[in-house]
Structures are given as structure tokens and as C-alpha cells.
Amino acid sequence: MPADAPTISAGVSLAHRGDLVLVARGVYHESVRLATPGVTLRGESRDKVVIDGRLRQPNGVVVTAPGVAVENLTVRENTQNGVLVTGSAKAVAGLPGHSGGYDTGAEPVTFLKSFLVSHVSATRNGLYGIYAFSAQNGVIEDSYASGGADSGIYVGQCRPCHVVVRDNIAELNAVGYEGTNAGGDMYVVGNRLTGNRVGLTTDSDHQEKLLPQRQAVVAGNLIAANQQKATPEQADGGWGIGIGVDGGSDNRFLRNRITGNSNAGLVITASADLAPDGNQVVDNSFAGNGVDVGWTFPTATRGRGNCLRGNVGVRTTVPDRLTSTASCPVPKKSPSPAGSWAMPTAPGGIPFTEVAEVPPQPEFPHATTAGATAVPAVPDLPDTADIPLPPASLLAAGARVRTP
């Protein structure tokens, strides 16, 4: 291409299972739909193959078939999502339910089975940069997301997910990574989530099915300096938070480096009627946060069985002495202590269209000579014992926001 087809969509329409659609350098003003199983869409150059929505279309790339790989390109300035991977017809149509979310009716959840998003740069999109919704058995890796007006990378409505989000950079978003109602073999590992308003959230939300969120693993991530003003405003006013757990349960936070978040390093709270239970905060490194670990339940809904063990650098907790009063293991039904602290008011943000340009990012290896990518039916899942505490320099070569 473009020798074989005048547009990306035309090239995709010619592809069969196992084919590679290799996209020549250029700026393409189109929304690309991948509805044939087992097709690979790959750019010749990550930075020079650009799908630009010009704020005239909801999505840059939409994946609705299993076994599809999207690789080595940039998607920008779509009113909703850069890359959407989904089994939900409502999500594809951009039709939210009455409560603001997708698939909130009585019909069963339809999953897309197996996907790969690799070496994609997603920037200046009106909702999410890379969005996997009602999708299972997938990997989002080695990608870059900025300027997401909601979040840079989002995984929603899957259980069990069998999804791995690894080795990505998310910066200058309202939220770096968000996982809503996403759990069961759900891994967020080795990412750099810095310079957002909120680094990472895992939460339960009635706007999506498969409540409550539970059983995600967040391990080996650098989560730092999440109080950048030149970012889109976060919908709930979040600011200066590294990790936020809102009504999520049975999650494990292992060996993350959580540093320089002005409000709090890790917050556990309840949604209106969904308690956060059984979350484990183990072997993380904290430094320079306003509050290192804070548990707060502003409603009558209270958490149970949350605990900490083996964390280093914990200077301040709310309530005090959490490291001793809630040391793992604790009984599952043990009420979690809670307190409160002065939450800062978030400063005004900027339109997502004004977020800084993407710096050069690493290329997909052998992009022009490798064949199509075989996407496994179920991805290999990480062994948490092999995931180390990251150095502060994690992925710094491709990032804009620097950390100590």
C-alpha cells in the first residue's frame, strides 16, 4: 500500500485470515474497521503512519474480529477512541446506555476473543487512547498513550479477562490506566504511568456489566508524578494520585515503585454501594507522596480484609499505623480501618487537543520484513514471582515526564 489499495480500509477489505496489511508512510483520514479474523494491520513506521481523525470521527481503528493484531502506527484526534477492541455492538456504534455506559441492559455480554495491540501511539483522543471493552484473551504492549480525555489505556467489562497490559507508557492523560469491572487473570505489569492526573485506577462501576471489579494484578509498574497541569481534566476531579482503588476487591499490588504523587500514593475507597475487600499491597516502594497509603470510606459502605506487607518507604498512612494494624494476612471479614485527609482541588486542565506532541517511540522490530503476527487464542500470563521492582528509569527513553 498505497500501491495495492488507495486507503487502509480498502486494503483491509482485501485481506483474509493470516494476511498482513502493511501500511505505507502517510497521514490517513479514515476510520479503519477490522472485521476479518486473524488479520494483522501494521504500519511501515510507527511515527510516520498516522491515522488522523481530525475530530470528525469517533474511532481511529475498530477491531471486531478475533485474532487481529494492530501494530506500529499512530492514531490521533478521534472524538472517542484511538483504538477500540470490542465484542460489543453498542460500543462499536458509539451508543451509550441511559446511565452513560455500554451494555447496561439485560442482554448477555458478548466478548471478542483474542487480540494484540503492539507499538501503537495513541494521542489526543476524546475518551481513551487504547480501549479494550468486552474483550478477552488479549495483550496491549509496548504502546504509548497521551492526551486521553478519560484515560490513556482502558480495559473494561471482562471476567475472566486473560488480558495483559505490559511495558507501555501512559502520560499526560486524565488517567494513565483504568480497569473497570475487569478482573480474573487481569495483569498490568511493567508500565510507566507518570505525569497524568491519576496514574492508575481499578474500580467497579454500574455503567458496565460484570460487577464488581476483582482479581487484578498490578505489578512492577513505575507510577510517579501524577499531578501534571497540562492534561485534560479528570471527570471525578482526581488529582495527584498514583493508584486509586474504588470499589475493587481481591486485587494484588506487587513491587510497584510509587513516587512523587502529591495527594496520595495508593488510595482505597468504596464506590457508593460496592466495598473494596481483600486488596493486598505487598513489597511496593513508596517515596515522596503526600500520603503514601490512604484508606477512606466516605459512604456507609466499608471495606474488609485489606492489608499491607513488606512495603518500603511508607512514611505516612491514613489512618495512622496501617502497616501494623492491617498487616497481611488479616481475616477476610475484618473491617478495614479508615480515615480522611485534605484532598487538594485539581487545577484546571487543557483541552485534549492541546496536549503535547508524542516524542519518537521505538519501532516494531522488522516491521517491513516480518510476516503477519499469529495472535494466540489465550496469551501467556506473567509469573508474578518473576516481576521485579522497577528502577526509577523504567522506559524513560521514550517518555516525556521525568521522575527522580
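Quick look at the numbers
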item	result
Some residue of the range 180-187 being among the hydroxyl-bearing types (Ser, Thr, Tyr) and in contact (Cβ under 8 Å) with a residue 60 or more places away in the chain	yes
Residues of the range 254-274 satisfying the condition of being more than 15 Å from residue 339 (Cα to Cα) and at pLDDT below 95	271, 272, 273, 274
In the range 249-263, the residues that are out of contact with any Leu (no Cβ under 7 Å at 6 or more places or on another chain), under 16 Å from residue 308 (Cα atoms) and in contact (Cβ under 8 Å) with a residue 60 or more places away in the chain	250, 251, 252, 254, 256
When residues of the range 195-220 are limited to those that are under 18 Å from residue 262 (Cα atoms) and either in contact with a helix residue (DSSP H, G or I) (Cβ under 6 Å, 6 or more places away or on another chain) or polar (S, T, N, Q) (or both), the one surrounded by the most Cβ atoms within 10 Å (Cβ to Cβ)	196
Residue list for the range 325-350, restricted to those being free of Cβ contacts under 8 Å to residues at least 40 places away in the same chain and either at positive phi or small (Gly, Ala, Ser) (or both)	326, 327, 334, 342
Filtered residues of the range 63-82 (kept if in a loop (DSSP other than H, G, I, E, B) and under 18 Å from residue 39 (Cβ atoms))	64, 65, 66, 67
Residue match in the range 5-12 (condition: farther than 18 Å from residue 84 by Cβ and surrounded by 19 or more Cβ atoms within 10 Å (Cβ to Cβ))	yes
Residue that is surrounded by the most Cβ atoms within 10 Å (Cβ to Cβ) [pool: residues in the range 34-54 that are among the charged types (D, E, K, R) and part of a strand (DSSP E or B)]	42
Among (1) buried (at least 18 other Cβ atoms within 10 Å of the Cβ); (2) in contact with a strand residue (DSSP E or B) (Cβ under 7 Å, 6 or more places away or on another chain), the one test that residue 332 misses	(1)
Residue check for residue 176: buried (at least 24 other Cβ atoms within 10 Å of the Cβ) and either touching a residue at least 60 places away in the same chain (Cβ under 8 Å) or not in a strand (DSSP E or B) (or both)	no
Filter pass, residue 230 being without any contact (Cβ under 8 Å) to a residue 40 or more places away in the chain and either surrounded by fewer than 24 Cβ atoms within 10 Å (Cβ to Cβ) or over 27 Å from residue 345 (Cα atoms) (or both)	no
Complete set of residues in the range 26-55 that are closer than 25 Å to residue 352 by Cα and charged (D, E, K, R)	30, 33, 46, 47, 48, 52, 54
Tabulated pairs, the range 37-62, first within 25 Å of residue 111 (Cβ to Cβ) and touching a residue at least 60 places away in the same chain (Cβ under 8 Å), second in a strand (DSSP E or B) and charged (D, E, K, R), C-beta under 7 angstrom, 6+ apart or interchain	40/71; 42/71
Single condition residue 104 does not satisfy, out of (1) surrounded by fewer than 13 Cβ atoms within 10 Å (Cβ to Cβ); (2) at pLDDT below 75	(1)
Residue check for residue 91: at pLDDT below 95, buried (at least 24 other Cβ atoms within 10 Å of the Cβ) and among the aliphatic types (A, V, I, L, M)	yes
Within the range 233-251, considering residues that are at pLDDT 95 or above and under 16 Å from the mean Cα position of the chain (by Cα), the one surrounded by the most Cβ atoms within 10 Å (Cβ to Cβ)	242
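The values are calculated or read from the model by the stated rules, or taken from the named source; none is laboratory data. As the structure is a prediction and not an experimental result, all values here were calculated from the model. So basically every Cβ, Gly included, is an ideal-geometry build from the backbone, and we count neighbours across all protein chains shown.
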